[in-house]
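The values are calculated or read from the model by the stated rules, or taken from the named source; none is laboratory data. Nothing here was measured: the structure is a model prediction, and the numbers come from that model. Ideal geometry is used to build each Cβ from the backbone, glycine not excepted, and the neighbour counts take in all protein chains shown. When the accessible area is computed, the model is the full protein with side chains, heavy atoms only, and any ligands, DNA or RNA have been set aside. Shrake-Rupley method; radii C 1.70, N 1.55, O 1.52, S 1.80 Å.
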Amino acid sequence: GVYQDQFPDVSVVFRAEKNNGEPVFGLGIEDMNVSENRVPCEVISICELSKKKPINIGIVLDHSGSMLYDEKQLIQLGTHPWFLMPGNDGIPIFPKGYKPPIDMAKEALNSFVSSFNFEKDKIGVIGFSSNVDKVMKPSKNEKKINKIINSMEADSMTAFYDALMVGLEQLRDADGLNVLVALTDGNDNMSENDYHNVVKFAKETETPIYLVGLGDVNIDSLKLLANATDGQFFYANSASALSEIYEKISTKLQAFYEMVYRSPNLEADAGERT
């Protein structure tokens, strides 16, 4: 993001990464080279934004019925999903040692939540299946955040885009760095909103969306959505990879910087600048 409200001092917010995607910490003024229309500019300051300003995160969690099934894990345990027998309550009888993806997602998210500084950061929660049925506004109360995450049970269909819209609306007026982090394990089949609604709203609110696709998802469409909102896409072929992915996202979200440089061009009608 580029912000000009203190012109001629211009603020640039960016995420710093190496070529391999690893975050970069500890950058200083001496590491920065800035030019505007090829004219060198003075760098006034740089700071790790996540240390200075609040991070507001909307966690979006898919708890549709498919979040009960991890085909890779079942096959490793000697059972194919097609041959699971239903119990008296209608829920399939899983082999001993099996852990449903919804449970692994909860554990990964509990750890993700604990990695933030609730002296300044806030986290909201949006859970969805056939509709958006679990909503908690951004809060600094870690216990309440984990409680609503842990209350989700897998059932029904997938209203993914509607859940993203609710998450974006929650973050619309939040002060600080706003990010939506969403997990889905299937394709949307129940939403009133669509891809275009989500991208338009995310751009209007300047909210990047970090998407985690689990198992049988449309990887290409999720990548498009993440890239269109200046976010990132992560893929997990099994729920066992979720903890590592959420740990990586947490680190990335805390490698944002705000750099301020002084523009040498004070002409009011200068138009677009590079």
Estimated FRET transfer efficiency (SER111, ILE44; beta-carbon r; R0 30 Å; 0.05): 0.20
Helix 219-228 vs. the chain, principal-axis angle (Cα, 0 to 90°, nearest 10): 30 degrees
Percent accessible area from carbon and sulfur atoms, segment 48-102, protein chains only, probe 1.4 Å: 59 percent
Reported label for calculated P(r) over Cα pairs in 10 Å bins from 0, in percent given [x] 7, 27, 32, 24, 9, 1; [y] 7, 32, 39, 20, 3, 0, 0; [z] 6, 27, 31, 20, 10, 4, 2, 0: [z]
Å² per residue, accessible surface of the chain at 1.4 Å: 52 Å²
Summed side-chain charge close to ILE57 - residues other than ILE57 whose Cβ falls under 9 Å, Lys, Arg +1, Asp, Glu -1: 0
Charge dipole of segment 1-42 about the Cα centre (unit charges at C-beta), most positive-ward option of GLY1, CYS41, LEU27: GLY1
Gyration tensor (alpha-carbon) shape descriptor, segment 99-169, a/c threshold 1.5: oblate
Given charges at beta-carbon only (K, R positive; D, E negative), |dipole| of the chain in Debye: 700 debye
SER263 accessible area, 1.4 Å probe, all protein chains in place, Å² to nearest 10: 10 Å²
For GLU204, net neighbour charge (Lys/Arg +1, Asp/Glu -1) across residues whose Cβ lies under 14 Å away: -1
Whole-Å semi-axes of the ellipsoid equivalent to segment 176-274 (Cα gyration tensor, √5λ, descending): 33, 19, 10
Pairwise Cα inverse-distance average, inverted: Kirkwood Rh of segment 51-142 (Å): 15.4 Å
Folded to 0 to 90 degrees: helix 101-114 orientation relative to the chain principal axis, Cα: 30 degrees
Whichever lysines have a C-alpha closer than 22 Å to that of LYS51, once near sequence neighbours (fewer than 8 apart) are set aside: LYS18, LYS120, LYS122, LYS140, LYS248, LYS252
